[in-house]
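Novice: Please find one structure pasted underneath; my questions will follow.
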Amino acid sequence: MRFYEFEARKIVELAGIPVTEYGFCTTAEQARKAAETIGGPVVVKSQVLSGGRMKAGGVKFAETPDEAAEHAEAILKLEINGQMPRGVLVDPKAEVKQEYYAGVVWDGTAKRPLMLFSDIGGIDIEEVAEKHPDHVGRGHLSNLLPISDFEAKQTIAATGVTGSQLNRATQVLARLARLFRDNDMILAEINPLAELTDGSFVALDAHMEMENEAVGRQKALLRRQLEIAADDTREPYEPSAFERNVAAIDAADHRGVIQGRDHGFQGNLGLVIGAGGGSLTLTDAVRSQGGKPANYSEIGGNPSVAKACGLAKQVLEKDGVEKIAVMMSIVSNTRVDIVARGVIKACLELGRDPGEAIAIFRIPGAWEEEGFKILERYGVEYCDRSVSIWEAAGRAVAKIQGTPA
């Protein structure tokens, strides 16, 4: 789950990290009053779950409350990267001495949180790391042990920051790291973290993203502190009927997992695929060989026949889908015969000939002999592990294009 900036600022504030006085507003009049309360020049920022706000005109500076109201009125009508703003954030124009970057991300390779700090803030940390690698400090954290201030201090000191700046920044990074782990985040960053002219440190902008599976554990934060509704999924687009239906089928049965996405897909070859990275590889393999995927999907964890059938039916019923390709890498935690029964059941219930509707079935692994017998009975072309996923994808593309495989 991603958070709007005004929510991320609240999360930072709850963790004891100083922030400037700000106001979240949904009308121009509210923006005027917020600017009056703050006093002095302010910045009005669009609240969308997207980057590029400044370039799109979603961030404007105002010298007076009336000017803040004018900017808010324009920004509230401004679509940015396909998103209309939830509101605007009115923030004081701070007197900044220096900008820093502080962040914690999940390192998938190390399977541990990673602290990042730079004495160059206000721009993307990726750009800083590429152009000025000596200005980026890094430090991994334990998943279980308490997070000490010393670990944060080491990370910051690696950038050359010393003295009172080091001590004050240490408190911010250590609290950000604890916030990250306590709230099941996969991203928590403050950019810029500003040192003001009076020597104090404040968060001028914050970005937060929570692990989706942690939403149920974090109800106190989400529902009470941030007042986020249970049905606010924070998708960057409105889920399609296909995506909603697949999610409902998945939620109705605890056995296995299915997922489906069709945003950005408009092809004629439906995909019933799984294995995480294998799904990405298979989708790329279809596209690279001239195929047009109608969707992306995930199936695994030994789903029930009903679940496999449900996913296959949703894919087959998509507009423009002529055939489906059922493909995975070698599986050990999913029975091949169950998936075979599911996809054939889906074809039969829709009045489709499985031998015609299924372009290829390539899932080698547990119970594959039983699965292949079922497929053979219905005339479905299948292949074992001797056929690569690249070749299997090519066969599916050739079949739907009507060319020899």
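The values are calculated or read from the model by the stated rules, or taken from the named source; none is laboratory data. Keep in mind the model is a prediction, meaning the values are calculated, not measured. So basically every Cβ, Gly included, is an ideal-geometry build from the backbone, and we count neighbours across all protein chains shown.
Novice: Considering segment 242-279 alone, what residues qualify as being of a type in the set (Gly, Ala, Ser) and either in a strand (DSSP E or B) or not assigned by TED's automatic domain parsing to the domain that holds Pro354 (or both)?
Specialist: Answer for segment 242-279, where residues must be of a type in the set (Gly, Ala, Ser) and either in a strand (DSSP E or B) or not assigned by TED's automatic domain parsing to the domain that holds Pro354 (or both): Gly260, Gly270.
Novice: Can I ask one more? Spot the failing condition for Arg138; the list is (1) assigned to a strand (DSSP E or B); (2) in contact (Cβ under 8 Å) with a residue 40 or more places away in the chain, and only one is missed.
Specialist: All conditions pass for Arg138, except number (2).
Novice: Still on this structure: Being under 21 Å from Phe201 (Cβ atoms) and either outside the structural domain of Asp205 (by TED's automatic domain parsing) or surrounded by fewer than 18 Cβ atoms within 10 Å (Cβ to Cβ) (or both): is that true of Ile38 here?
Specialist: Working: under 21 Å from Phe201 (Cβ atoms): yes; either outside the structural domain of Asp205 (by TED's automatic domain parsing) or surrounded by fewer than 18 Cβ atoms within 10 Å (Cβ to Cβ) (or both): yes.
When the stated conditions are applied, Ile38 passes them.
Novice: Ok, one more. Among the residues of segment 200-220, which ones are over 19 Å from the mean Cα position of the chain (by Cα), of a type in the set (A, V, I, L, M) and surrounded by 13 or more Cβ atoms within 10 Å (Cβ to Cβ)?
Specialist: Matches in segment 200-220: Val202, Ala203, Leu204.
Novice: Got a sec? Which of Ile363, Ile374, Ile389, Ile344 is among the β-branched types (Val, Ile, Thr), touching an Asp or Glu at 6+ places or on another chain (Cβ under 9 Å) and crowded, with 16+ Cβ neighbours inside 10 Å? Give the steps one after another, and end with the answer.
Specialist: Working: Ile363 fails: touching an Asp or Glu at 6+ places or on another chain (Cβ under 9 Å); Ile389 fails: touching an Asp or Glu at 6+ places or on another chain (Cβ under 9 Å); Ile344 fails: touching an Asp or Glu at 6+ places or on another chain (Cβ under 9 Å).
Only one candidate qualifies: Ile374.
Novice: If you don't mind, another one. Quickly run through segment 1-18 and pick out the residues that are surrounded by fewer than 18 Cβ atoms within 10 Å (Cβ to Cβ) and in a helix (DSSP H, G or I).
Specialist: Within segment 1-18, Glu13, Leu14 qualify.
Novice: Going through Ala357, Ala346 one at a time, which residue ends up being touching a Cys at 6+ places or on another chain (Cβ under 6 Å), farther than 15 Å from Ala308 by Cα, in the same structural domain as Leu316 (by TED's automatic domain parsing) and modelled with pLDDT of 95 or more?
Specialist: Details: Ala346 fails: farther than 15 Å from Ala308 by Cα.
Only one candidate passes the filter, namely Ala357.
Novice: In segment 41-51, what residues are aliphatic (A, V, I, L, M), modelled with pLDDT under 95 and surrounded by fewer than 24 Cβ atoms within 10 Å (Cβ to Cβ)? Working first, answer last.
Specialist: First pass over segment 41-51, keeping only residues aliphatic (A, V, I, L, M): 42-44, 48-49.
Adding the requirement that they be modelled with pLDDT under 95 leaves 48-49.
Matches in segment 41-51: Leu49 only.
Novice: Quick one: which residue in Ala203, Ala214, Ala220, Ala229 is in the same structural domain as Ile186 (by TED's automatic domain parsing), of a type in the set (A, V, I, L, M, F, W, C) and modelled with pLDDT of 95 or more? Please lay out each step first, then the result.
Specialist: Numbers: Ala214 fails: modelled with pLDDT of 95 or more; Ala220 fails: modelled with pLDDT of 95 or more; Ala229 fails: modelled with pLDDT of 95 or more.
Answer to the selection: Ala203.
Novice: Determine which single condition Val96 fails, assuming it passes every other condition in (1) more than 27 Å from the chain's Cα centre (by Cα); (2) without any contact (Cβ under 8 Å) to a residue 40 or more places away in the chain.
Specialist: Only one criterion in (1) more than 27 Å from the chain's Cα centre (by Cα); (2) without any contact (Cβ under 8 Å) to a residue 40 or more places away in the chain is unmet by Val96, namely (2).
Novice: Further question: For Ile400, all conditions in the list (1) under 18 Å from Gly274 (Cα atoms); (2) at pLDDT below 95 hold save one; what is the number of the exception?
Specialist: (1)
Residue-by-condition table, conditions (1) outside any strand (DSSP E or B); (2) free of Cβ contacts under 8 Å to residues at least 12 places away in the same chain:
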site	(1), (2)
Lys153	yes, no
Gly160	yes, no
Gln165	yes, no
Glu195	no, no
Gly199	yes, no
Gly216	yes, yes
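Novice: Just name the residue that is farthest from the chain's Cα centre (by Cα) out of those in segment 258-281 that are among the aliphatic types (A, V, I, L, M) and modelled with pLDDT under 95.
Specialist: Of segment 258-281, the ones among the aliphatic types (A, V, I, L, M) are 258, 269, 271-273, 275, 280.
With modelled with pLDDT under 95 added as a condition, the list becomes 275, 280.
On the way: Ala275: 18, Leu280: 15 Å.
This residue is Ala275.
Novice: Which ones in segment 196-254 are closer than 30 Å to Lys313 by Cα and of a type in the set (Phe, Trp, Tyr)? Break it down into steps so the answer makes sense when it comes.
Specialist: So in segment 196-254, the residues closer than 30 Å to Lys313 by Cα come out as 211-216, 230-254.
The answer is Tyr237, Phe242.
Novice: Do the conditions hold for Val172, that is, is it in contact with a strand residue (DSSP E or B) (Cβ under 8 Å, 6 or more places away or on another chain), surrounded by 13 or more Cβ atoms within 10 Å (Cβ to Cβ) and over 30 Å from Phe265 (Cβ atoms)?
Specialist: Numbers: in contact with a strand residue (DSSP E or B) (Cβ under 8 Å, 6 or more places away or on another chain): yes; surrounded by 13 or more Cβ atoms within 10 Å (Cβ to Cβ): yes; over 30 Å from Phe265 (Cβ atoms): yes.
Yes; evaluated as a whole, the condition is true for this residue.
Novice: With respect to the numbered conditions (1) assigned to a helix (DSSP H, G or I); (2) among the aliphatic types (A, V, I, L, M); (3) more than 12 Å from Pro92 (Cβ to Cβ), which one is the sole condition not fulfilled by Leu49?
Specialist: (1)
Novice: Quick one: which helices (runs of 4 or more DSSP H) lie wholly within segment 324-387 and hold at least 1 residues that are closer than 23 Å to Thr281 by Cα and touching a Phe, Trp or Tyr at 6+ places or on another chain (Cβ under 8 Å)?
Specialist: Working: elements: 336-349, 354-357, 368-377.
Passing ranges, in order: 336-349.
Novice: Here's something else I'd like to know. Which of the residues that make up segment 60-78 are surrounded by fewer than 17 Cβ atoms within 10 Å (Cβ to Cβ), of a type outside the set (D, E, K, R) and either assigned to a helix (DSSP H, G or I) or without any contact (Cβ under 8 Å) to a residue 24 or more places away in the chain (or both)?
Specialist: Ala74
Novice: I need the full set of residues from segment 79-115 which are assigned to a strand (DSSP E or B) and polar (S, T, N, Q), in order please.
Specialist: Gln83, Gln98
Novice: Shifting gears a bit: Could you please let me know if Gly290 is surrounded by fewer than 23 Cβ atoms within 10 Å (Cβ to Cβ) and without any contact (Cβ under 8 Å) to a residue 24 or more places away in the chain? Don't jump to the end; show me each part of the working.
Specialist: Numbers: surrounded by fewer than 23 Cβ atoms within 10 Å (Cβ to Cβ): yes; without any contact (Cβ under 8 Å) to a residue 24 or more places away in the chain: no.
Spelling it out, it is not the case that Gly290 is surrounded by fewer than 23 Cβ atoms within 10 Å (Cβ to Cβ) and without any contact (Cβ under 8 Å) to a residue 24 or more places away in the chain.
Novice: Taking the residues in segment 237-285 that are surrounded by fewer than 15 Cβ atoms within 10 Å (Cβ to Cβ) and hydrophobic (A, V, I, L, M, F, W, C) as candidates, determine which candidate is nearest to Ile358 (Cα to Cα).
Specialist: If we take residues in segment 237-285 being surrounded by fewer than 15 Cβ atoms within 10 Å (Cβ to Cβ) and hydrophobic (A, V, I, L, M, F, W, C), then Leu280 is nearest to Ile358 (Cα to Cα).
Novice: Let me ask another. Quick check, is Gly310 farther than 23 Å from Ala285 by Cβ and either within 33 Å of the chain's Cα centre (by Cα) or assigned to a loop (DSSP other than H, G, I, E, B) (or both)?
Specialist: Numbers: farther than 23 Å from Ala285 by Cβ: yes; either within 33 Å of the chain's Cα centre (by Cα) or assigned to a loop (DSSP other than H, G, I, E, B) (or both): yes.
Considered against the rule, which asks whether it is farther than 23 Å from Ala285 by Cβ and either within 33 Å of the chain's Cα centre (by Cα) or assigned to a loop (DSSP other than H, G, I, E, B) (or both), Gly310 comes out as yes.
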